[in-house]
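What follows draws every value from the coordinates through simple rules; no lab data is involved. Every value quoted in this text rests on a predicted model; they were computed, and no experiment measured them. Quick reminder, even Gly has a Cβ in these numbers, built from the backbone with ideal geometry, and neighbours come from all protein chains shown.
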Amino acid sequence: MRVEDFDLFSTLVKQRSGLVLTKDKAYLLESRLMPVARKWQMKGLDELAQAMRGRRDEAMARDITEAMTTNESSFFRDQKPFDLFRQLVLPSLTEARAAKRSLRVWSAACSSGQEAYSLAMLLAEEGPKLAGWKFDIVGTDISAEMVERARAGLYTQFEVQRGLPITLLVKHFKQSGDKWQLSPQLRQMASFREFNLLGDLSGLGQFDVVFCRNVLIYFDQPTKARVLDQIARLMPADGVLFLGGAETVLGITDRFKPMDGQRGLYVINKPASAAAGLKKAAG
Amino acid sequence: MKSCLVVDDSRVVRKVARRILEELQFSCAEAEDGRQAMEYCARTMPDAILLDWNMPVMTGIEFLRRLRKMTGGGEPKVVFCTTENDLAHIQEALSAGANEYIMKPFDSDIIQTKFAQVGLL
Ligand SMILES: C[S@@+](CC[C@H](N)C(=O)[O-])C[C@H]1O[C@@H](n2cnc3c(N)ncnc32)[C@H](O)[C@@H]1O
């Protein structure tokens, strides 16, 4: 691929999604964009680049961006965050919201929905303890295709075997051809919409719990900081944030701070009293 | 080191499973059908059993039902690993006392997460 073309594509993708593509990722760019070129009836990437230099087609730019995102996900990914959510976050937040009896949870960069639905299943398992509570689980992703897949709640045999205990498969899924579909009751617990984390997040409303995992790793420092600052604005003082295993707030923003001894779990930095409440629940 | 008995009539599947399990620090033994597995368990109860369904002589489900009635037969964690991939089979396996269920084809990731879920890792 020509250097100018690589620069064009990587600039476009960075502007639109935040994803940083370094030169050593040229092979990845080629293998992911060839199908896009073919879809638009072009012979190769030079032709695609040429088209993007001319009058920019929004649908084409979108295809290029979506092709470069990594959508890998799995049910109960890394397990630990879900244990922490159940053992620590849920007890303390349900106590704090006892009067309101409602909680809003955001799966930012939800991919095909496994994270949001893992939370839905986890809440369903809590059973009568949470009777009368209203949980609003919102999943968002930049990719229209992923949002559509998440809404369908339809997974391959391979996907339902990664992280999902067999008892939950039996309880909540129905076989549909060679795929497995989550029950309507569980699907109803989550809603999905297309949303770019680089955009203005304020319209999403307030979230008590945010899962923003395995997406910031693709961004550069200033972009990470901007997204984290915006997320903090959507959260109440006692809200909690989950990041992925390779992500942190340290050295990026002081809006959040890690919760002592709980990897991947972050709390709003000020006021300090909110974190103390959670720690009490942990103790 | 934990022990795992791999029960499958296909030598290739046993070999693949064995390699994955040894990487997860299991010591492995093999059986070609339910009867051989019974004989093995009568001598030594393994910590885990990776179990195929359809096998000559004695099927996996028949073996599992008998195992759970043996002295000490409630102990091993039994993970089915079979091409039977419909809800009815899965439910039958669970009510016979299976702890987890893998639908073939599998890979090391699936074995690892399933074994972790039943507390073997
Ligand atoms: C690796 S997946 C992570 C899925 C899930 N959170 C998990 O941890 O398993 C990353 C997702 O981030 C999405 N994504 C990338 N850039 C984004 C952006 N700027 N705004 C919203 N979503 C984005 C991708 O489409 C992809 O589905």
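Per residue, the Cα convex hull of the stretch A:80-282 amounts to 121 Å³.
Using the Karplus relation 6.51 cos²θ - 1.76 cosθ + 1.60 with θ = phi - 60°, the per-residue 3J(HN,Hα) values for the stretch B:111-116 come to 4, 4, 5, 5, 5, 5 Hz, with x marking Gly and Pro.
Contact order for the stretch A:80-282, expressed relative to its length and based on alpha carbon pairs under 8 Å spaced 6+ residues apart, stands at 21 percent. Straight-line cross-link partners of A:K25 among the aspartates and glutamates, defined as a Cα under 14 Å from its Cα and at least 8 positions apart when in the same chain: A:D5, A:D7. Ordered by the count of other Cβ atoms within 10 Å of each Cβ, fewest first, B:C81, A:C110, B:C28 give B:C28, B:C81, A:C110. In terms of its C-alpha gyration tensor, the stretch A:197-248 has an oblate overall shape, because the principal axis ratio a/c (a ≥ b ≥ c, square roots of the eigenvalues) is not below 1.5 and a/b does not outweigh b/c. Among A:W180, A:W40, sorting on how many other beta-carbon atoms sit within 10 Å of each Cβ, with the fewest leading, yields A:W40, A:W180. The dipole here belongs to the protein assembly as shown: it is taken about the Cα centre, uses +1 on the Cβ of Lys and Arg and -1 on the Cβ of Asp and Glu, and is about 920 debye.
Under 5 Å between amide hydrogens, built in the peptide plane, is the criterion, and for A:F192 it picks out A:G139 among residues at least 5 positions away or on other chains.
More than 18 Å apart: what percent of Cα pairs in the stretch A:47-155 qualify?
Values: 3435 of 5886 pairs.
Above the 18 Å cut-off, the stretch A:47-155 has 58 percent of its Cα pairs.
Computed from the C-beta positions of B:D107 and A:E4 and an R0 of 30 Å, the FRET efficiency is 0.15 to the nearest 0.05.
Distance between the pseudo-spin-label points of A:K134 and B:Q91 (7 Å out from Cα toward the beta carbon): 3.5 nm. Exposure proxy ranking for A:V210, B:V16, A:V20, based on other Cβ atoms within 10 angstrom of each Cβ and starting from the fewest, stands as A:V20, B:V16, A:V210. Overall form of the protein assembly as shown: oblate. Here a/c, set by the Cα gyration tensor axes a ≥ b ≥ c, is 1.5 or more, and a/b is not larger than b/c.
Just want to confirm a number: the relative contact order over the stretch A:225-264, from Cα pairs under 8 angstrom separated by 6+ residues, in percent. Let's see the in-between values first.
Working: 20 pairs, mean separation 18.7, N = 40.
In percent, rounded to a whole number, it is 47.
I'd like the Karplus ³J(HN,Hα) series for the stretch A:71-81: coefficients 6.51, -1.76, 1.60, θ = phi - 60°, whole numbers in Hz, and an x wherever there's a Gly or Pro. Rounded to whole hertz, the list is 9, 3, 7, 7, 5, 6, 3, 6, 6, 3, x.
A 22 angstrom limit on the alpha carbon distance is what I want to check against. Which of A:K257/B:K114; A:K134/A:K179; A:K174/B:K114; A:K100/A:K129; B:K15/B:K77; A:K224/A:K270 exceed it? In this structure, A:K257/B:K114; A:K134/A:K179 exceed 22 Å between Cα atoms. Placing unit charges on the Cβ atoms only, positive for Lys and Arg and negative for Asp and Glu, gives the stretch B:2-117 a dipole magnitude near 300 debye about its Cα centre. For chain A, the longest principal axis of the C-alpha atoms and the axis of helix A:3-17 are separated by about 30°.
Once you have a ≥ b ≥ c as the square roots of the Cα gyration tensor eigenvalues for chain B, tell me rounded if a/c is under 1.5, and otherwise prolate or oblate according to whether a/b is larger than b/c. Could the numbers behind the result be given before it?
Values: a/c = 1.24, a/b = 1.07, b/c = 1.15.
Judged from the Cα gyration tensor, chain B comes out rounded (a/c under 1.5).
A dipole drawn for chain A from +1 and -1 charges on Cβ atoms has a positive end, and of A:Y218, A:T248, A:F192 the residue lying farthest that way is A:F192.
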